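S.K.: This is the structure I want to talk about, given as structure tokens.
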Amino acid sequence: MNSESVPGGLEVLRERVNRAFETLYGGEPSFVVAAPGRVNLIGEHTDYNDGFVLPAAIDRHVVIGARARADRQVHLYAADFAARAEFSLNDVHPDPAQTWSNYERGVAWVLQEEGYGLQGMDAVIAGDVPVASGLSSSAAVEVATAYAFQVLGDLDLDGVKRALLCQKAENEFVGMRCGIMDQYIISLGKRGHALLIDCRSLEYRLVPIPSGCIIIVCDTKKRRGLVDSEYNTRRRECEVGAKALGIAALRDITPEEFEARQSILSGVTRKRCRHVVTEDQRVLDAVQALESGDQGRFGQLMNASHISLRDDYEVSCRELDVMVQAAWKHEGVLGARMTGAGFGGCTVNLVTRGAEEGFQRQVAQEYMEQTGLIPEIYICAAEDGVRLLA
Ligand code: GLA
């Protein structure tokens, strides 16, 4: 069990990248980019329904050190897997033997599809965002890669466009039909804040994290690959529901209207839609609660979100439920829920400042007793989105 401090940290990551760069390519990278992971406070499985989400970028990162090449080759070294990959910008396709590199390849592919002129590069990648744990390490790789190409080629690409293109790379190149949330927050996050994102208009509002609250992430250590999961099925179920209700997306119906019309939907579709429709409302209520200083109400909405994800959307699992229930018992907890796509990974907890140590001890203890797994529990600060390291 790790506590408080971020293992690794940005400086350590940069050191690792620089050392590997020197060994492999000689000399130093000409710049180093850092893209954060993310945690979603509330608004799960709403982004691909044109709805609302409230994520924050966190102080765990994917770091890329890069230098231009004179040719059209991209040379990659993933320090965390001790693996190398190479491809030519003249012929970018997925590599089934080195699936980790498909995120970088996908970004190169999409940028060129959109007409951006790219330059070859030597690059080293390292990170301390846990992989396949629901904190968006893959989106961080995509956004960091896009930013590196942007710096190299001086590309005109704003934060929203960058997010949209990275999402397209993941949808069409990697084959995972994710929404916009992860790439958006990683592209545009702000230190000390969560972002209320309207996933239809793609506008956002900054929501300060109250100083009396701490965000704690609990990693169940139960891993589950997103593409293998039932994510794409859930997405289809939502589309079926919206069509039957005669609306463009589940965003377009209030909980009251849904209540009145839900009987036209079949059992499973009805449950899936009910989650999304009520979750959108919870996000808006939660932002209002936070902005009016009612952190207790915010926490209750987080708890309700977990129950809805567990019972109606059915994307939780035993480990997530045990972790959340252990958190709910702790008196310093305002709210706790699973975060991200589900089926394993992490929970997010809003904890009263001062209660964090007791929380870590008690929740870890109870989780270990009930599951036999050793969790990782750490305090997160809300960070800026992708940036160049000075
Ligand atoms: C994954 C996807 C996001 C979002 C969440 C669930 O993280 O990448 O787009 O749909 O799951 O809220």
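The values are calculated or read from the model by the stated rules, or taken from the named source; none is laboratory data. As the structure is a computational prediction, the values presented were derived from the model and not from experiment. Because the Cβ atoms are built from the backbone with ideal geometry, glycine has one as well, and the counts that use them run over all protein chains shown. SASA here: full protein model, heavy atoms, side chains in, ligands and nucleic acids out. Shrake-Rupley method; radii C 1.70, N 1.55, O 1.52, S 1.80 Å.
S.K.: What's the number of the only condition in (1) touching a residue at least 24 places away in the same chain (Cβ under 8 Å); (2) farther than 29 Å from Y231 by Cβ that G354 fails to meet?
M.R.: (1)
S.K.: Just give me the residues in region 112-150 being polar (S, T, N, Q) and more than 13 Å from the ligand (Cβ to nearest atom), in sequence order.
M.R.: Those that are polar (S, T, N, Q) and more than 13 Å from the ligand (Cβ to nearest atom): Q112, Q119, T145, Q150.
S.K.: Let me ask something else about it. Scan region 191-201 and tell me whether some residue there is of a type in the set (G, A, S) and free of Cβ contacts under 8 Å to residues at least 24 places away in the same chain.
M.R.: yes
S.K.: Sticking with this one: State all residues of region 155-203 that are away from the ligand (no atom under 11 Å from the Cβ), of a type outside the set (A, V, I, L, M, F, W, C) and under 14 Å from the mean Cα position of the chain (by Cα); if no residue qualifies, say none.
M.R.: Of everything in region 155-203, those that are away from the ligand (no atom under 11 Å from the Cβ), of a type outside the set (A, V, I, L, M, F, W, C) and under 14 Å from the mean Cα position of the chain (by Cα) turn out to be S187, G189.
S.K.: Checking the structure you have, find out if any residue of region 305-323 is open to solvent by less than 40 Å² (accessible area, probe 1.4 Å) and touching a Cys at 6+ places or on another chain (Cβ under 7 Å).
M.R.: yes
S.K.: What's the number of the only condition in (1) in contact with a strand residue (DSSP E or B) (Cβ under 7 Å, 6 or more places away or on another chain); (2) surrounded by fewer than 24 Cβ atoms within 10 Å (Cβ to Cβ) that Q362 fails to meet?
M.R.: (1)
Let's see how each residue does on (1) under 21 Å from the mean Cα position of the chain (by Cα); (2) open to solvent by less than 10 Å² (accessible area, probe 1.4 Å); (3) among the hydrophobic types (A, V, I, L, M, F, W, C):
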| residue | (1), (2), (3) |
| --- | --- |
| I64 | yes, yes, yes |
| N90 | no, no, no |
| A97 | no, no, yes |
| G115 | no, no, no |
| L118 | no, no, yes |
| G134 | yes, no, no |
| V141 | yes, no, yes |
| A144 | yes, yes, yes |
| G153 | no, no, no |
